[in-house]
Every structure is written in structure tokens, then in C-alpha cells.
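The values are calculated or read from the model by the stated rules, or taken from the named source; none is laboratory data. Just so it is clear, the model here is predicted, and its values are computed rather than measured. Every residue, glycine among them, receives a Cβ derived from its backbone with ideal geometry; neighbour counts consider all protein chains shown.
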């Protein structure tokens, strides 16, 4: 079972954003720490075009996302959402 309580506030915010498909514009050290802890995974995406650019993208593994949704349903109040 994954424990989400040990994440810092910054890590929690970034993790929640990546769970919702927003992986752009986050601080690289926070992303690195989340990846090191196994909460997110990175992959490269080629943007193509005349001058092809490769960027690093992030997603949450399915089993982590599932546990996060379960944790939210047990720990979040409707007032917080």
C-alpha cells in the first residue's frame, strides 16, 4: 500500500496535477523526487516538426493512481473539493 502522507505539500500538489494530466511547468527537483519514490514515471515525447524537439513527460502508474483515488475517497471531505 502506498502512503501519501509522507509527501511534502509541493510534492502533493505536483502529484495531484500529474494525476489529472497536467505535467507541464513543475519544478524539476519535485518531479525527480516523485519519480525516485515511484509515484510517477517519465517518458520522452518527440514533438517533431522542422526542428524536432524531445521533451520529458510524466504520468502516474495505474496502480498508484488507483490507490490515490481510493485514499482520496476515504480521506477527503466534500467541503475540501
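General observations
- Looking only at the range 25-50, residues that are out of contact with any strand residue (DSSP E or B) (no Cβ under 7 Å at 6 or more places or on another chain) and at pLDDT 90 or above come to 13 in all.
- Within the range 21-40, being surrounded by 12 or more Cβ atoms within 10 Å (Cβ to Cβ) and more than 14 Å from residue 68 (Cβ to Cβ) holds for 22, 23, 26, 30, 31, 32, 33, 35.
- When the range 26-81 is filtered for residues that are in contact with a helix residue (DSSP H, G or I) (Cβ under 7 Å, 6 or more places away or on another chain) and in contact (Cβ under 8 Å) with a residue 60 or more places away in the chain, only 68 remains.
- Residue check for residue 4: at pLDDT below 95, within 21 Å of residue 74 (Cα to Cα) and either touching a helix residue (DSSP H, G or I) at 6+ places or on another chain (Cβ under 7 Å) or loosely packed, with under 14 Cβ neighbours inside 10 Å (or both): yes
- Conditions (1) in contact with a strand residue (DSSP E or B) (Cβ under 7 Å, 6 or more places away or on another chain); (2) surrounded by 12 or more Cβ atoms within 10 Å (Cβ to Cβ); (3) at pLDDT below 90: number failed by residue 70: (1)
- Only one of 64, 18 that is under 15 Å from residue 4 (Cα atoms), surrounded by 11 or more Cβ atoms within 10 Å (Cβ to Cβ) and touching a strand residue (DSSP E or B) at 6+ places or on another chain (Cβ under 6 Å): 18
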